[in-house]
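Chemist: To start, I am sharing the structure in question, which I have written as structure tokens.
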Amino acid sequence: MKTAFLSIVPHDPVIARDGRPFGIGQGIRMRSLDWPYPSVLTGSVRTMLGKMNGGTFDEKMVSDLKAIQVSGPLPLIKGQIYLPAPKDILVRDEDNKRQAFAIRPVGLREGEGCDLPDGVLPAMLPENVQEDFKPAKIPAFWSVEMMAGWLTDPKGKSFDAPPAPDRIKDGDGFLNLPVKEPRTHVRIDPRRGAAEDRMLFETIGLDLSLKGQRDGIQMAARVESEKELVDLAAKVDPFHTLGGERRLAYWAIEESQKGWICPDEVAKALAGKKRVRMVLATPAIFSDGWRPGWLDGWPERKAPNYWPKDLKLKLVSACTDRWKPISGWSLEKGSRGPKAIRRLVPAGSVYFFEVLSGDVGDLAKKLWLRSVSDEDQDRRDGFGLAVWGLWDFAD
């Protein structure tokens with residue numbers, strides 16, 4: 001397996017549309033995602049490699065390109081990778097004092113019940129939190145180092161509350177979402193060379209420049225392939241488009257693998273444990289909706305090659321947000337046209353498992369920032385990258 005690590009610096013705000021209609025008769029405002037989906041990066045990487053390999057895009061080349069595994073995009077600042085904030089934390093901010101609470105599975109007592117699927121327990125705050133409070137906002141991204149501290153704290157009791165988004169300081173290990181920059185456009189009449197009446201539309205891009213700061217947000221990516229095609233990443237085209245409207249970005253090879261490898265403290269903490277927590281670093285696509293289909297066992301010869309042998313997990317609980325839609329437009333020969341809408345499990349969603357069999361040490365080493373989506377092509381496209389940690393029942 002040949003591997004290349006990339007850093008991508010957008011020259012202009014990145015266009016990454018959400019699933020809402022946009023066009024004549026459908027709406028004049030293009031809505032933007034908060035952060036690009038993996039498919040935005042994957043399409044750019046494969047297009048670039050295809051052009052560098054002749055640009056024929058015949059059936060064989062398309063098949064080879066689709067076999068390349070692309071992981072990302074993840075925010076990157078000064079060589080430090082950032083991950084989406086986990087959804088199993090709530091912060092209370094009262095009297096200028098911020099306090100973090102971990103959401104953990106809670107066993108049902110006699111006479112209690114819930115409408116969750118059989119065997120799945122509710123995830124709740126500790127019982128000593130009696131008063132209702134409005135959860136305070138937290139930064140959207142955490143550094144790998146900060147995430148490792150959260151993942152190795154089973155009950156979240158020794159973890160300091162993240163700062164408010166407007167109080168983040170350089171070096172804190174936290175990062176906000178990129179600013180959304182709107183731009184108003186006009187339609188030009190080709191005969192007159194002037195703007196047409198009532199033909200205004202608006203696009204919104206993600207500005208990663210971090211205005212007022214010296215360094216902006218880069219994007220980190222990992223490209224892997226068993227074929228020679230990926231060798232061209234060693235002399236990657238420095239300027240290539242990313243996202244909509246063919247806006248340019250600067251692409252470079254990164255020598256450092258920092259962040260892509262499981263931190264030692266996480267691997268040591270997981271060794272020998274029977275309760276593991278999975279946090280999605282990119283949106284996932286599961287065959288059972290919010291629930292991973294592989295919990296019922298991988299179909300014959302369908303398990304990814306990095307999946308630890310004999311590893312079996314039992315789902316205990318989960319913290320997920322509402323599903324997100326993804327669609328698009330296919331340009332592949334034979335299937336040109338709109339893609340069907342699919343449902344994504346949002347990044348940051350947390351799953352609590354009990355280990356039935358297998359080596360948890362292998363889990364930490366082999367599955368760190370690896371895809372846990374059910375379908376092979378979704379894994380190659382980068383959906384469902386996950387990191388792993390510990391958990392314990394709420395008090």
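Chemist: GNM on the chain, C-alpha springs below 10 Å: top fluctuator among 382, 19, 111?
Modeler: Of the options given, 111 has the highest mean-square fluctuation.
Chemist: How large is log10 of I(q)/I(0) for segment 264-390 at q = 0.11 Å⁻¹ when the intensity is taken from the Debye formula with one equal scatterer per alpha-carbon?
Modeler: For segment 264-390, the Cα-only Debye profile gives -0.39.
Chemist: May I ask you to derive the FRET efficiency for residue 188 and residue 322 from their Cβ-Cβ distance with R0 = 56 Å, giving the value to the nearest 0.05? Intermediate values should be presented prior to the final figure.
Modeler: Details: r = 39 Å, r/R0 = 0.70.
Computed FRET efficiency for residue 188 and residue 322 comes out at 0.90.
Chemist: Something else: State the Cα centre-to-centre distance between segment 327-395 and segment 55-116 in whole Å.
Modeler: Here the answer is 9 Å between Cα centres.
Chemist: Taking a point 7 angstrom from the Cα of residue 362 along the C-beta vector, which residues in segment 247-279 have backbone N less than 19 Å away?
Modeler: Within reach of a label on residue 362, which here means backbone N under 19 Å from a point 7 Å along Cα→Cβ, segment 247-279 contributes 262, 267-278.
Chemist: May I ask you to list the residues of segment 353-377 whose amide nitrogen lies under 15 Å from a point 7 Å from Cα along the Cα→beta-carbon direction of residue 296?
Modeler: Taking a point 7 Å out along Cα→Cβ of residue 296, the residues of segment 353-377 whose backbone N falls under 15 Å are 374-375.
Chemist: Pop the C-beta distance of residue 127 and residue 78 into the FRET formula with R0 = 56 Å and round what comes out to the nearest 0.05. Intermediate values should be presented prior to the final figure.
Modeler: On the way: r = 41 Å, r/R0 = 0.74.
Calculated value: 0.85.
Chemist: Exposure proxy check: 388, 329 ranked by fewest other beta carbons within 10 Å? Spell out each step's value before the answer.
Modeler: Working: 388 25, 329 8.
Lowest to highest Cβ neighbour count: 329, 388.
Chemist: Once you put a point 7 Å from the Cα of residue 2 and another 7 Å from the Cα of residue 114, both along the Cβ direction, what distance in nm separates them?
Modeler: 4.9
Chemist: In whole Å, what three semi-axes, largest first, describe the equivalent ellipsoid of the chain built from its Cα gyration tensor (square root of 5 times each eigenvalue)?
Modeler: Details: eigenvalues 260, 139, 91 Å².
Taking √(5λ) for each eigenvalue gives 36, 26, 21 Å, largest first.
Chemist: How would 42, 203, 282 line up from fewest to most surrounding beta-carbon atoms within 10 angstrom?
Modeler: On the way: 42 24, 203 19, 282 29.
Taking fewest neighbouring Cβ atoms as first place, the list is 203, 42, 282.
Chemist: Moving on. Above 18 Å lies some portion of the pair distances; for segment 83-163, what is it as a whole percent of all C-alpha pairs? Display every interim value, and only then the final one.
Modeler: Details: 1573 of 3240 pairs.
Tail fraction, whole percent: 49.
Chemist: What is the fewest-to-most order of 61, 219 by other Cβ atoms lying within 10 Å of their Cβ?
Modeler: On the way: 61 17, 219 23.
Least to most surrounded, the residues fall as 61, 219.
The numbers here are math on the coordinates, done by the rules we state, and not lab data. These numbers come from a predicted model, not from an experiment. Cβ atoms come from the backbone with ideal geometry, glycine included; neighbour counts cover every protein chain shown.
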